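The values are calculated or read from the model by the stated rules, or taken from the named source; none is laboratory data. Keep in mind it's a predicted model, so treat the numbers as computed, not measured. Counting neighbours? That spans all protein chains shown, and the Cβs are built from the backbone with ideal geometry, glycine included.
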């Protein structure tokens, strides 16, 4: 019951945070110079035309009423229409989200073993030659900007060794396997960028936990090294790394613009930038709110996992 109460409390806090974010997003879009009707009709539009547009777009209503109407649409999955084309926001958003979800799934499938295997190996063989070599590699990768790493992989595997396509071209005719094929190089880039910091953090955490008294007691009881490591040390050392993973999940959804640009990948991050360039209010609101929801949801999932893995967090 205590675990359930803690999880419900964290969930309620996350929902309140998301509600506050929706209010901030709405207000931020509202204070952009020029209303939506002016951006649609252009500078040369007459006042009568603007007035008709404002009524059609409900801009004549008080801001509080418009916010509640917009929030009600968000709850039901109706984000309105894009100003520049008149198409539904969901119609434009859905394929980009699907592309990014496939890319994120591949990147995470590479990310987890890329974090766990080197970190565990280094912690078990700390201060040896292999540990120093892997630490040097992670430091070098940590210092390389993501666009440099993406460009290097692009040149290596699309030009020198032409295994993957140079451009991640996706259209309506692309199948799931086509999307997976063009997503591999961006996914590898993202997995490396996310993993290098998490590897160092998990290594340090494992080293500290392996020297703890309860781990020594488990060894004295005759438990195998593998059982001690996976059953006792790893669950206690992984909590800080989970917080980094939550940030990486948010990075996958909205912060991969540079990598998407290098590989010409039509993902969600590029859509956020495009909506900001065009000052398209409904699209800005939808993309930013969705990115915020992913960030808040990822942190909520990590908090719940941390509570389940670490009994000390269930107290208080």
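Restricting attention to the stretch 253-264, and to residues there that are modelled with pLDDT under 80 and assigned to a helix (DSSP H, G or I), which single residue is farthest from the chain's Cα centre (by Cα)? For the stretch 253-264, the residue satisfying everything is 254. Screening 286, 246, 250 for residues that are touching a helix residue (DSSP H, G or I) at 6+ places or on another chain (Cβ under 6 Å) and at pLDDT 80 or above leaves exactly one candidate, 286.
Run down 145, 118, 165, 186 and say which single residue is within 16 Å of residue 259 (Cβ to Cβ) and more than 22 Å from the chain's Cα centre (by Cα). Show your work before the answer.
Numbers: 145 fails: more than 22 Å from the chain's Cα centre (by Cα); 118 fails: within 16 Å of residue 259 (Cβ to Cβ); 186 fails: more than 22 Å from the chain's Cα centre (by Cα).
The match here is 165.
Considering 218, 286, 191, 187, which residue is over 30 Å from residue 167 (Cβ atoms) and either outside any loop (DSSP other than H, G, I, E, B) or touching a residue at least 40 places away in the same chain (Cβ under 8 Å) (or both)? Just a single option satisfies the conditions, and that option is 218. For residue 106, all conditions in the list (1) under 21 Å from residue 186 (Cα atoms); (2) over 25 Å from the mean Cα position of the chain (by Cα); (3) at pLDDT 90 or above hold save one; what is the number of the exception? Every condition holds for residue 106 apart from (2). Being over 20 Å from residue 181 (Cβ atoms), touching a helix residue (DSSP H, G or I) at 6+ places or on another chain (Cβ under 8 Å) and touching a residue at least 24 places away in the same chain (Cβ under 8 Å) holds for only one residue in 123, 150, 130, and it is 123.
Residue 66 - would you say it is outside the structural domain of residue 286 (by TED's automatic domain parsing), in a helix (DSSP H, G or I) and modelled with pLDDT of 75 or more?
Numbers: outside the structural domain of residue 286 (by TED's automatic domain parsing): yes; in a helix (DSSP H, G or I): yes; modelled with pLDDT of 75 or more: yes.
Here the answer is yes, as residue 66 does meet what is asked.
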